[in-house]
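The structure under discussion appears below in the form of structure tokens.
The values are calculated or read from the model by the stated rules, or taken from the named source; none is laboratory data. In this text, all values refer to a predicted model and were calculated from it rather than measured experimentally. Note that we place each Cβ from the backbone using ideal geometry, even for glycine, and neighbour counts take in every protein chain shown. Note: areas computed on protein heavy atoms with side chains; ligands, DNA, RNA excluded. Shrake-Rupley method; radii C 1.70, N 1.55, O 1.52, S 1.80 Å.
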Amino acid sequence: MSDLKVDGFKSSEFIAALGTAFAAYSEDEKKAQIKKTNGIFELAVTNEAGQKETWTIDLKKQGAVTKGPSPTKPDIVITLSDETLSDLANGKPSGQKAFMSGKLKTKGNIMLATKLDGVLKGAKAKL
């Protein structure tokens, strides 16, 4: 999953690890995660240099992480900084706290955003 890593984005290490964890899921685990989450997350991330990168977490059909915008309309677009995504990956603030403090912006199904913490924690447990 090294194709998920992007120079200048420290959170891309976590995204690549997330992709590896999803790839390691058995078909039953993948189906269970898809059934539980049922959504496509698009992460629009900006690093300190102002560069932008997009990753898609598809937990509606594929159960996979890809680099770039979703080929189909995402259920939610989450816009955040590279630092905020790294912090979320390490469990520092919850997604809710990041949203309330303005560090994370959403467009689309906001209730789906509440499931992202669980997705990240579940995938981290697989690593």
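Filtering Lys67, Lys107 for residues that are within 18 Å of Leu4 (Cβ to Cβ), open to solvent by 80 Å² or more (accessible area, probe 1.4 Å) and within 15 Å of the chain's Cα centre (by Cα) leaves a single hit, Lys67.
Residue count for the stretch 78-123 under the criterion of being closer than 15 Å to Phe9 by Cβ and in a helix (DSSP H, G or I): the result is 8. Selection of the stretch 55-64 for residues being buried (at least 17 other Cβ atoms within 10 Å of the Cβ) and not in a loop (DSSP other than H, G, I, E, B) yields Trp55, Thr56, Ile57, Asp58, Leu59. Residue-level check: of (1) of a type in the set (Gly, Ala, Ser); (2) in a helix (DSSP H, G or I); (3) open to solvent by 40 Å² or more (accessible area, probe 1.4 Å), Gly19 misses just (3).
Assess whether Val6 counts as being in contact (Cβ under 8 Å) with a residue 60 or more places away in the chain, surrounded by 13 or more Cβ atoms within 10 Å (Cβ to Cβ), among the hydrophobic types (A, V, I, L, M, F, W, C) and part of a loop (DSSP other than H, G, I, E, B). Here the answer is yes, as Val6 does meet what is asked.
Within the set of pairs 6+ apart or on separate chains, which have a first residue in the stretch 93-115 that is at positive phi and touching a residue at least 24 places away in the same chain (Cβ under 8 Å), a second that is surrounded by 13 or more Cβ atoms within 10 Å (Cβ to Cβ) and of a type in the set (D, E, K, R), and C-beta atoms under 6 Å apart? Final answer for the pair search is Gly108/Asp75.
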